[in-house]
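In what follows, a single structure is set out as structure tokens and then discussed.
FYI, it's all coordinate maths here, none of it is from the lab. Note that the structure is a prediction, hence the values are computed from the model and not measured. So basically every Cβ, Gly included, is an ideal-geometry build from the backbone, and we count neighbours across all protein chains shown.
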Amino acid sequence: MARRKKIYEGKAKILYEGPEPGTLVQYFKDDATAFNAQKKDVIEGKGVLNNRLSEFFMTGLNQIGVPTHFLKRLNMREQLVRSCEIIPLEIIVRNYAAGSLTQRLGIAEGTQLPRPIVEYCYKDDALGDPLVTEEHIAAFGWASQQDMDDVLSLALRVNDFMSGVMLAVGIRLVDFKIEIGRVYEGDFQRLVVADEISPDSCRLWDIETGQKLDKDVFRRDLGNLTDAYSEVARRLGVMPKNSGHAKPTLIN
Ligand code: UDP
């Protein structure tokens, strides 16, 4: 059998050429990294959980008319996605203060923000993904003003959707990061939510106890990461069929 072509390998995922033009296969690895890859580990089962959770969130977004790159899940670790040109920005939406915001502005962790705050970081590992303003984005041509209007509106719609879904299962969406890509259709381009939406890229706190159910468990050595992600999956009813317990059956 011919070996499929690897298009790109990142820290947590691999992209392979898809079965049809304009498609890619997105493979979720078990690798976990933090602090710009200075902290690394392999967390068995993380990729399986993130594949399922990202499928769940992207499917929901598609259903409410927020376009995403997600087409279908293929197996435990892979999903078929539309190929797109990623805007080189990490789009961060914050509802409560945490992480770099608390450090930058000295706001206590957990403080509710007066309104959702959207930030942009330039995607460049060598530079540590620096925070940038719309001035930089326009001046360096990373995205047009029209793109940025659409990016902001998509980011806020994702925030409303994700906040509601999480609230329904007793979880607070503190903040999250998304990436957005351009899909070309003839002479037109449209923007879609791409990459992944999972506990790797969100901060999720239990509303009652404040327990962290996201990658901070790994960043700060707070316990078992797959237990935290499995709890999110369990509450959302996102579990592989026939597994009545919190841990998914790991096949590959
Ligand atoms: N985030 C991410 N990838 C990054 C940087 C941030 O997924 O490269 C997510 C992070 O998990 C959190 C949100 O974006 O949910 C805001 O992150 P922050 O700026 O506070 O940075 P951090 O403290 O995670 O370094």
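Side notes on the structure shown:
- Sites Q112 and E135 - FRET efficiency at Förster radius 45 Å, r taken between beta-carbons, to 0.05: 0.95
- Near K123, the amide H atoms lying under 5 Å from its own belong to L89, E90; only residues 5 or more places off or on other chains count, and H is placed 1.01 Å from N.
- Once you reduce the stretch 217-238 and the stretch 67-145 to the center of their Cα atoms, the two points are 22 Å from each other.
- Amide H partners (placed H, <5 Å) of T23, local residues excluded: G18, S83
- Other-chain or far-sequence residues with amide H under 5 Å of R172's (modelled H): W205, D206, I207
- Sequence-distant contacts, meaning Cα pairs under 8 Å at least 6 residues apart, place the relative contact order of the stretch 24-79 at 38 percent.
- As a length-normalised measure over Cα pairs under 8 Å and 6 or more apart, the relative contact order of the stretch 1-150 settles at 14 percent.
- J(HN,Hα) series, the stretch 20-33, from Karplus relation 6.51 cos²θ - 1.76 cosθ + 1.60, nearest Hz, glycine and proline x: 10, x, x, 10, 9, 9, 9, 9, 8, 7, 8, 5, 10, 9
- The stretch 1-62: antiparallel DSSP beta bridges as a percent of all, rounded to 5: 100 percent
- Estimated vicinal HN-Hα couplings, Hz - the stretch 125-139 in sequence order (Karplus 6.51, -1.76, 1.60; Gly, Pro = x): 4, 4, 9, x, 6, x, 5, 10, 9, 5, 4, 5, 4, 6, 5
- Residues M162, M239, sorted so that the one with the fewest Cβ neighbours within 10 Å comes first: M239, M162
- Computed [θ] at 222 nm, helices only, for the chain once each DSSP H run of length n ≥ 4 contributes -39500 (n - 2.57): -8500 deg cm²/dmol
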